[in-house]
Amino acid sequence: MAENKAKAQEAKAKGNAAFSAQNFEEAINHFSEAINHDPSDHVFYSNRSACFASLNKYEEAKADAEKCVELKPDWSKGYSRLGLALYHLDDYKNAEAAYAKGLELDPSNAQLKEGLEQVKAATSKPSGMFGPEMMQKIFTTPSLQPFLGQPDFLMKLQDIQKNPQNITKHLNDPRIMQVLSTVMGVDLKMGGDEDVQMPDASPPRQEPRREEPKAQPKQEAPKAPEPPRELTEEEKQKAEAEREKDQGNAHYKARRFAEALQHYTRAMELDEADMTYLMNRAAVYLEMGETDKCVEDCQTAIEKGRAQRADYKKIAKAYARIGNAYLKAKKYAEAIDAFKKSLVEDRDDAVRTLLKKTEKMKEEADQAAYLDPVKAEEHRNAGNECFKNGAFPDAIREYTEAARRNPNDARIYSNRAACFQRLMDFPAALKDAEKALQLDPNFVKAFSRKGNIHFAMKEFHKALAAFESGLKLDPQNQECREGLQRTMQAVQAGSSNGEADQERIAHAMADPEIQAILRDPNIMQVLKDFQENPAAARGALKDPDVAKALDKLIAAGVLQVGR
């Protein structure tokens, strides 16, 4: 479960990075992966909804937003996602309800307020005037048809359709006035070639002579719309390059890599200055496992990007892709260098995670490459010679090198434990003895070594346990038998002389096992009974668990037994 959540968060970080780079399709794939690992996290659906909305896929955006709200009904951002999707699906009633619900949860949220205002503006537009009827009228009116080839006119028209109140911003455009005249069926022109209409004079009455009204100046008729500007050859090539890129993206998504390469290469030929096409082709090479070509394209893209003063995030993305190529080729040092360069350009969380992962992989690979059982045995034998000659520090160095060459040989750790014991470094000795037993739980010599170390540390209860464990494996082992006998004698001597060994007690009281025994209510009652009710205490000793616990307390020096 924890592993799945970790994988989900890693996929989310990649999705966030792709979204920041406006690679919305890639971001959707990463967020989908995160959902597969952890379908209970509402944030993943919210983020994927934002990606779908960025691609104008509002049905999908709505579905994800609804799932987000279902999982986290008290999260205002989910309603913001849902309101946006419903708004673009022209479901203004439910969009308004979604924004209103979000504002109930977060009344000061500016994004929710803005969304609600847009919905209200859309619902207040005059019925039909700016809808499909207007577009139909433009298509069927010869004098209006040329406007459809003019991008700035279409942008203004879309602005008015989105919010009819914006029409006031565009009334100075004669094309907009002409469209409104046609759609409304009235002449909105002021002045022109016609005279201003005046009332007729009444003939029977003699009125004082009045001055004739001055003629109203004629206003200039609106100029005919200019035909769309002819694109330059460079602009045509850039547009063609974008079309090639879009086709390449479609093939890449369908994993038709050979076709994608052809289209990206054609786009590069049409627009050599844009680093995007190189980056896209590098992504294809990475998927195909051609890591050298991927690195080459990314490096060229960086050079072009620097020359064009490209956004630092694009440069960072190129370095990150180089890092992924080296990582795929298991060139960990080069990958680490590339990821670090990427982070210099942009401190991206996903790249930071990749860097840590790669550093760990490099460490493991270096360790694996260093393994050599034959050399390990040579160093172990050299350590044995140093030990025999009493050169314990030299022996430790040899055993340490042997452990690096073969970390799974329990004998090496047992031998080094003996060196540390001779140098009175009991914690290090104990650590090595326990490592030896971890590698080989049936290693009797390691139990004997561990028992002797505990004995030296006056942890007699642990020494007894170690020697007894060794004797279970080999009842005739002389070292364990002698160690057990020597430890029992030490316990009896400490109990009979009536003097408390403060060092021994200090070691015992620091032992979690002894602490647990002393906190046991049954043991506390037995110890109290020894003082107040000896008969009850003797009865309790018939319980083998109680007797074993008391023996440990005696061995540890915590409980003194009189003669």
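Entry for the range 398-478 at q = 0.16, 0.24 Å⁻¹: log10 I(q)/I(0) = -0.53, -1.09, Debye formula applied to identical alpha-carbon scatterers, no solvent contribution.
Annotation: amide H-H contacts under 5 Å for Asp409 (H modelled 1.01 Å from N, sequence separation of 5 or more, or interchain): none. Excluding same-chain neighbours fewer than eight residues apart, the aspartates and glutamates reachable from Lys12 by a Cα-Cα span under 17 Å are Glu3, Glu25, Glu26, Glu33, Asp38, Asp41, Asp64, Asp348, Asp349. Straight Cα distances below 16 angstrom link Lys72 to the lysines Lys62, Lys101, with same-chain residues fewer than 8 positions distant left out. Partners of Lys548 within straight-line reach, counting lysines whose Cα lies under 25 Å from its Cα and excluding those fewer than 8 residues away in the same chain: Lys450, Lys458, Lys462, Lys472, Lys528. Count Lys and Arg as plus one, Asp and Glu as minus one, and take only other residues whose Cβ is under 15 Å from that of Leu371; the net charge is then -4.
Among the listed pairs Lys5/Lys314; Lys236/Lys304; Lys93/Lys253, those whose Cα-Cα separation exceeds 26 Å are Lys5/Lys314; Lys93/Lys253.
Please state the shape class of the range 385-441: rounded when a/c is under 1.5, otherwise prolate if a/b exceeds b/c and oblate if not, all from the C-alpha gyration tensor.
Values: a/c = 2.17, a/b = 1.28, b/c = 1.70.
Oblate.
Among Lys7/Lys77; Lys113/Lys156; Lys445/Lys552; Lys331/Lys435; Lys293/Lys341, which pairs are too far apart, with a Cα-Cα distance over 28 Å? The answer is Lys331/Lys435. Mean sequence separation of contacting Cα pairs (under 8 Å, at least six apart), scaled by the length of the range 355-506, corresponds to a relative contact order of 14 percent.
Ranking request for peptides 263-271, 514-522: highest mean number of other beta-carbon atoms within 10 Å first, then the rest in descending order. Could the numbers behind the result be given before it?
On the way: 263-271: 21.0, 514-522: 14.0.
Averaged packing, sorted descending, gives the order 263-271, 514-522.
What is the percent carbon and sulfur in the accessible area of the range 250-353, measuring with a 1.4 Å probe over the protein chains and ignoring ligands? Using a 1.4 Å probe with all protein chains present, the range 250-353 comes out at 45 percent carbon and sulfur.
Note that the range 338-345 has calculated 3J(HN,Hα) couplings of 5, 5, 5, 5, 4, 5, 5, 6 Hz, one per residue in order, obtained from phi through the Karplus relation 6.51 cos²θ - 1.76 cosθ + 1.60 (θ = phi - 60°); glycine and proline are x.
Could you order peptides 70-76, 2-8 by the average number of other Cβ atoms within 10 Å of their residues, highest first? Walk me through the numbers on the way to the answer.
Values: 70-76: 14.7, 2-8: 12.9.
Sorting 70-76, 2-8 by mean packing, highest first, produces 70-76, 2-8.
The values are calculated or read from the model by the stated rules, or taken from the named source; none is laboratory data. Nothing here was measured: the structure is a model prediction, and the numbers come from that model. Cβ: placed from backbone, ideal geometry, glycine included. Neighbour counts: every protein chain shown. For accessibility, only protein heavy atoms count, side chains too; no ligands or nucleic acids. Shrake-Rupley method; radii C 1.70, N 1.55, O 1.52, S 1.80 Å.
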